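Novice: Just dropping this structure here.
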Amino acid sequence: MKKLVLTLAMIAGLTSCNNDDDSIIDPPVADTKEYTLSEKNDSGVSGTVTFTKNDDGSTTVAFELEGTEDGNMHPAHIHFGNAADGGEIAIPLEAVDGETGTSTTEITELEDGTEITYEELIDFDGYINVHLSADELETIVAQTDIGENALTGESESYDLAEADIAGVSGTATFEERENGETLVTIMLEGTEEGNTHPAHIHAGSVEDAPGAIIITFNPVNGSTGISVTNIAVTDDSEEEEGEAITYEDLIDFDGYINVHESEDNLETLAAQGNIGTNATED
């Protein structure tokens with residue numbers, strides 16, 4: 001009898017332990033997506049913005065910035081499109097407090113009242129601007145592309161060598177977006193304030209130039225030496241509309257880049273370099 005009682009007690013104890021183990025359930029991990037905000041206009045402001053899915057389906061957007069100053073309030077917005085092309089405001093966000101560098105906004109809809117879920121936001125065709133102040137919205141202190149415009153981390157950089165203008169050279173960096181489009185940043189040294197330099201991708205190689213213009217970049221600003229362009233399609237021609245072109249297409253493209261002295265003097269080249277399949281020939 002004693003053996004039976006002891007056996008039953010052991011079974012009860014094991015059952016109790018098993019029930020206790022089953023009751024320990026890890027809390028669900030919240031769905032989140034973080035983006036890095038880059039400094040703009042030598043502001044010294046940078047940081048992160050995190051999108052978090054809430055239980056009720058809404059999204060919390062939280063900024064954590066460094067370089068802001070006590071007493072300042074920085075308006076922030078989600079815009080349609082990508083930062084290179086610009087776009088209208090899609091969603092106003094709570095202003096970032098300069099003292100803490102933080103702000104939090106709960107989002108359920110666009111500014112026009114259209115409902116938007118967390119899943120739609122992290123796949124949104126948009127970007128974020130953080131501004132200097134309500135009175136100086138034209139000055140952006142930090143910025144990032146989001147959703148389908150976010151960068152994958154894949155990139156390729158090409159040298160742009162000095163051509164007809166002494167002292168001008170640099171690089172063109174191609175970065176892949178989540179949607180397959182390409183962010184191209186041209187950075188030159190030796191350009192001068194007040195000048196604007198047209199730039200293009202041409203068909204063929206530098207050695208076989210001239211080739212037809214395939215893609216037109218935003219002009220290089222002489223003051224900064226920088227041009228930033230989003231590429232999704234080739235230029236229109238007289239015969240047909242432009243065609244879609246992806247990052248993978250571009251880094252395998254038979255082409256080269258020309259940066260010109262000015263719109264009125266395209267014959268004079270400021271810098272030049274092969275790209276894609278031609279880059280290995282340099």
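The values are calculated or read from the model by the stated rules, or taken from the named source; none is laboratory data. Keep in mind that this is a model prediction, so the values were computed, not measured. Positions of Cβ are backbone-derived with ideal geometry, glycine not excepted, and every protein chain shown enters the neighbour counts. Surface areas here come from the heavy atoms of the whole protein model, side chains and all, with no ligands, DNA or RNA. Shrake-Rupley method; radii C 1.70, N 1.55, O 1.52, S 1.80 Å.
Novice: If eta is 1.567 mPa s and T is 4 °C, what Stokes-Einstein diffusion coefficient results for segment 95-149, Kirkwood Rh from Cα pairs, in µm²/s?
Specialist: For these conditions, the coefficient is 101 µm²/s.
Novice: Given the C-alpha atoms of segment 193-258, compute the convex hull and give its volume per residue in Å³.
Specialist: Cα-based convex hull of segment 193-258, divided per residue, equals 103 Å³.
Novice: Relative contact order of the chain: what whole-number percent is it, with Cα pairs under 8 angstrom and at least 6 residues apart?
Specialist: Value for the chain: 13 percent.
Novice: Same structure, new question: Show log10 I(q)/I(0) for segment 45-112 at q = 0.26 Å⁻¹, two decimals, from a solvent-free Debye sum over equal Cα scatterers.
Specialist: Debye output, listed in q order: -1.16.
Novice: Here is a further query. Can you check what the net charge comes to around G44, using other residues whose Cβ is under 11 Å from the Cβ of G44 (Lys, Arg +1; Asp, Glu -1)?
Specialist: Once positives and negatives cancel, what remains is -3.
Novice: Over segment 95-251, how many percent of alpha carbon pairs lie in each 5 Å bin up to the one with the longest distance?
Specialist: Whole-percent P(r) values from 0 Å outward: 2, 7, 12, 16, 16, 15, 13, 9, 5, 3, 2, 0.
Novice: Dipole of the chain (Lys/Arg Cβ +1, Asp/Glu Cβ -1, origin at the Cα centre): which of L93, T234, N195 lies farthest to the positive side?
Specialist: L93
Novice: Please report the orientation-averaged projected area of segment 29-70, defined via the convex hull of its C-alpha atoms, in nm².
Specialist: Convex hull of Cα atoms, orientation-averaged projection: 3.8 nm².
Novice: Taking Cα atoms, how many degrees apart are the long axis of helix 2-23 and the longest axis of the chain, rounded to 10 and kept between 0 and 90?
Specialist: Roughly 30 degrees, rounded to the nearest 10.
Novice: Here's another thing I want to ask about it. With +1 on each Lys and Arg Cβ and -1 on each Asp and Glu Cβ, and nothing else charged, work out how big the dipole of segment 182-282 is about its Cα centre, in Debye to the nearest 20.
Specialist: 440 debye
Novice: Provide the per residue accessible area, probe 1.4 Å, for segment 40-114, rounded to a whole number of square angstrom.
Specialist: 51 Å²
Novice: Specify which residue in the list N72, S157, Y247 is farthest towards the positive end of the charge dipole of the chain, using unit charges on the beta carbon of Lys, Arg (+1) and Asp, Glu (-1), about the Cα centre.
Specialist: In the chain, that residue is N72.
Novice: Determine the dipole magnitude for segment 66-141: charges of +1 sit on the beta-carbon of Lys and Arg, -1 on that of Asp and Glu, nothing else is charged, the reference point is the Cα centre, and the result goes in debye to the nearest 20.
Specialist: With Lys and Arg at +1 and Asp and Glu at -1, about 140 debye.
Novice: Additional query: Bin by bin, in steps of 10 Å, what percent of the Cα pairs in segment 33-188 do you find, going until the bin that has the longest distance?
Specialist: 11, 37, 32, 15, 5, 1, 0
Novice: Give the carbon-plus-sulfur fraction of the accessible surface of the chain in %, rounded to a whole number; probe 1.4 Å, heavy atoms of protein chains only.
Specialist: After summing per-atom areas, the C and S share lands at 47 percent.
Novice: Give, to the nearest whole percent, the P(r) tail of the chain beyond 31 angstrom, counting all Cα pairs.
Specialist: Considering the chain, 44 percent of its Cα-Cα pairs are separated by more than 31 Å.
Novice: Still on this structure, I have one more. Counting only heavy atoms of the protein chains, get the accessible area per residue of segment 129-230 (1.4 Å probe) and round it to a whole Å² value.
Specialist: 46 Å²
Novice: Bin all alpha-carbon pair distances of segment 124-175 at 5 Å intervals from 0 and give each bin's fraction as a whole percent.
Specialist: Per 5 Å bin, starting at zero, the Cα-Cα P(r) for segment 124-175 comes out as 5, 16, 12, 13, 13, 14, 14, 10, 2 percent.
Novice: Another question, then. Tell me the volume per residue, in Å³, of the convex hull enclosing the alpha carbons of segment 102-188.
Specialist: Expressed per residue, the convex hull around the Cα atoms of segment 102-188 is 168 Å³.
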